[in-house]
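Everything on this sheet refers to the single structure shown next.
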Amino acid sequence: MAEQLSGLRCGIGYDTHRLAEGRKLVLGGVEIASARGPVSHSDGDVLSHAIADALLGAAGLGDLGRRFPDTDPQWKGVSSLVFLETIRKLLVAQKLRIQNIDSVIVLDEPKLAPYMDRIVDGIARALGVDGSQVSVKAKTSEGATPLLAAAHAIALLTPT
Ligand code: MG
């Protein structure tokens, strides 16, 4: 398998969760002060989930649901940063290195600017890369989907 993995490899990831009152909102492992949070079995961290799928896709390693099924007690209640830490090890085993990740969070409220440095730092640490290799942007839906949190991510990998 590894010998087939030559050259640049890019992957795309997407995740969304419905928001409800009284749920905890976590993005990139950072708890965000918010009246609403995702309805989810996991921590509902759409950003970590989108980035995880982008990395798994780029590496040809399937997807988040197959790697970390929510029916497996091993993954019940764990921080989604643990998924990223685990994927980091899978990439090392595949002799792949992360070049960069770009991502967009779509969320109407609250504003994420005050949290952005911590979000980037947390993801970079979980993946063992420099913060300069992780880009996270935030957009709103302009009121179109106020009860959804979503994230899109793209990752570029190269052989080590
Ligand atoms: Mg998810």
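The values are calculated or read from the model by the stated rules, or taken from the named source; none is laboratory data. As the structure is a computational prediction, the values presented were derived from the model and not from experiment. As a convention, Cβ positions derive from the backbone with ideal geometry for all residues, glycine included, and neighbour counts pool all protein chains shown. The area values use the complete protein model at the heavy-atom level, side chains included, leaving out ligands, DNA and RNA. Shrake-Rupley method; radii C 1.70, N 1.55, O 1.52, S 1.80 Å.
Only one residue in D102, D72, D130 is free of Cβ contacts under 8 Å to residues at least 12 places away in the same chain and more than 26 Å from A20 (Cβ to Cβ), so which one is that? I'd like the intermediate steps shown before the answer.
Numbers: D102 fails: free of Cβ contacts under 8 Å to residues at least 12 places away in the same chain; D72 fails: more than 26 Å from A20 (Cβ to Cβ).
Criteria check complete, one pass: D130.
Filtering region 62-110 down to residues that are within 15 Å of A151 (Cα to Cα) and polar (S, T, N, Q), which residue is modelled with the lowest pLDDT? Result: S80. How many of the residues in region 33-68 are over 16 Å from the mean Cα position of the chain (by Cα) and over 20 Å from L19 (Cα atoms)? Of the residues in region 33-68, 1 are over 16 Å from the mean Cα position of the chain (by Cα) and over 20 Å from L19 (Cα atoms).
Counting the residues of region 96-130 that are farther than 18 Å from H49 by Cα and assigned to a loop (DSSP other than H, G, I, E, B) gives 5.
Condition first: among the hydrophobic types (A, V, I, L, M, F, W, C), more than 23 Å from A113 (Cβ to Cβ) and assigned to a helix (DSSP H, G or I). Now tell me which residues in region 11-53 satisfy that. Talk me through it step by step, then tell me what you get.
Going through region 11-53, the residues among the hydrophobic types (A, V, I, L, M, F, W, C) turn out to be 12, 19-20, 25-27, 30, 32-33, 35, 39, 46-47, 50-52.
Add one more test, that the residue is more than 23 Å from A113 (Cβ to Cβ), and what stays is 12, 20, 39, 52.
Passing the criteria: only A52.
What pairs come up if the first residue lies in region 137-153 and is part of a loop (DSSP other than H, G, I, E, B), the second is charged (D, E, K, R) and surrounded by fewer than 16 Cβ atoms within 10 Å (Cβ to Cβ), and their beta carbons are under 9 Å apart, counting only those six or more places apart or on different chains? Close Cβ pairs satisfying both conditions: T140/E109; T140/K111; P146/E109; L147/R18.
A quick yes/no check of all residues on (1) more than 14 Å from the ligand (Cβ to nearest atom); (2) within 20 Å of T140 (Cβ to Cβ):
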| site | (1), (2) |
| --- | --- |
| G22 | yes, no |
| L25 | no, yes |
| H49 | no, yes |
| P69 | no, no |
| S79 | no, no |
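Contact map, region 83-95: first residue farther than 13 Å from L157 by Cβ, second residue open to solvent by 70 Å² or more (accessible area, probe 1.4 Å) and modelled with pLDDT under 95, Cβ cut-off under 9 Å, separation 6 or more or different chains; pairs are F83/R67; T86/R67.
What about V134, is it among the β-branched types (V, I, T) and open to solvent by 60 Å² or more (accessible area, probe 1.4 Å)?
On the way: among the β-branched types (V, I, T): yes; open to solvent by 60 Å² or more (accessible area, probe 1.4 Å): no.
No, not satisfied.
If the condition is being surrounded by 24 or more Cβ atoms within 10 Å (Cβ to Cβ), in contact (Cβ under 8 Å) with a residue 60 or more places away in the chain and among the hydrophobic types (A, V, I, L, M, F, W, C), then region 49-69 contributes A50, I51, A54, L55, A58. Looking across region 108-122, the residues that are touching a residue at least 24 places away in the same chain (Cβ under 8 Å) and over 22 Å from E142 (Cα atoms) come down to R118, I119, V120, G122. Within region 29-47, the set of residues being open to solvent by less than 10 Å² (accessible area, probe 1.4 Å) and within 13 Å of the ligand (Cβ to nearest atom) comprises G37, P38, G44, D45, V46, L47.
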